[in-house]
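Each reported figure results from applying straightforward, stated rules to the coordinates on display, with no laboratory input. Since the structure is predicted, the reported quantities are computational estimates derived from the model, not experimental observations. Counting neighbours? That spans all protein chains shown, and the Cβs are built from the backbone with ideal geometry, glycine included.
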Amino acid sequence: MSEEYSFPQYSEKMHEVLDTFGGTKMETYNGMDITPLWDLKGGGLVWSFKYLYAAPKLEKIVITCQSFRDKLMSYACNIFPDDKHALPIYCNFWAESAKGSYFILDFYSAADCICDIPYMEQYLEPLEDVYNRGLKDYHELSTRDPNWFRAMTSPYYINADIAPSTKDSQDRLLGLALDYLKVYHSLWEKDEEQDVGYMQRLNERKQAIRQNMREKDPGGFMMEKAVGKELAELSIKALF
């Protein structure tokens, strides 16, 4: 008899690593009250939470879980560095249901890596072993990703678009998200402030990534249908 389907323990497992950053929960972000995002529901969105944390060297850590009619779960975790540190942006998104999984995982580089090979060696190459393990299962990229999104991904982008979902596939995907997060934590621990002039172009690219995600992320449409335009805009601004 096949095992009964259940959703993965995304938040619990991710928080085990996120807690090691020593972050403090944020009630406001850029002057906006974000406490409504702690318990947001409406329409097909039967429950959700989005928490932001402040931590040294980082602008924010974001983790969110959303349940659509208890049939589809949407998970995300983003980590943005502050403007003095050259860390990449940690990004994981996972749409999960019994029918299948759509999963993206990456360190969005703050630098143009072909123009800045030392950046890639310092901030991305530590992913090499985890990335190669992930490629054994997920070596074919989904055709869902639009060109603007492909333009910002790193050489260590992992993507999965599989059906149906199983306990084994859930464990593999969650394991990859955690392994990337642990590498990010190790980079964060030893990272130091960079020269202001060097950071200028990195911060410009980081802001471009943020702006494109805010304007074009397809999840914004689903949120607007569920909770209205104002709360949907707040949710997207908090996420990116």
Segment 170-237 and segment 97-124: distance between their alpha carbon centers, rounded to Å: 11 Å
Okay, helix-only estimate at 222 nm for the chain: each DSSP H run of n ≥ 4 adds -39500 (n - 2.57), divide by all residues, round to 500 deg cm²/dmol; what do you get? -12500 deg cm²/dmol
Could you work out how much longer the chain between K225 and E128 gets when fully extended? Use 0.36 nm per residue separation minus the Cα distance between them, nm to one decimal. 30.9 nm
Can you give the Rg/Rh ratio of the chain, where Rg is from the C-alpha atoms and Rh is the Kirkwood radius? 0.95
Most positive-pole-ward Cα, V227, F149, A208, against dipole of the chain from beta carbon charges: V227
Give the lysines reachable from K167 as a straight Cα distance under 27 Å; neighbours fewer than 8 places away on the same chain don't count. K13, K50, K71, K99, K136, K182
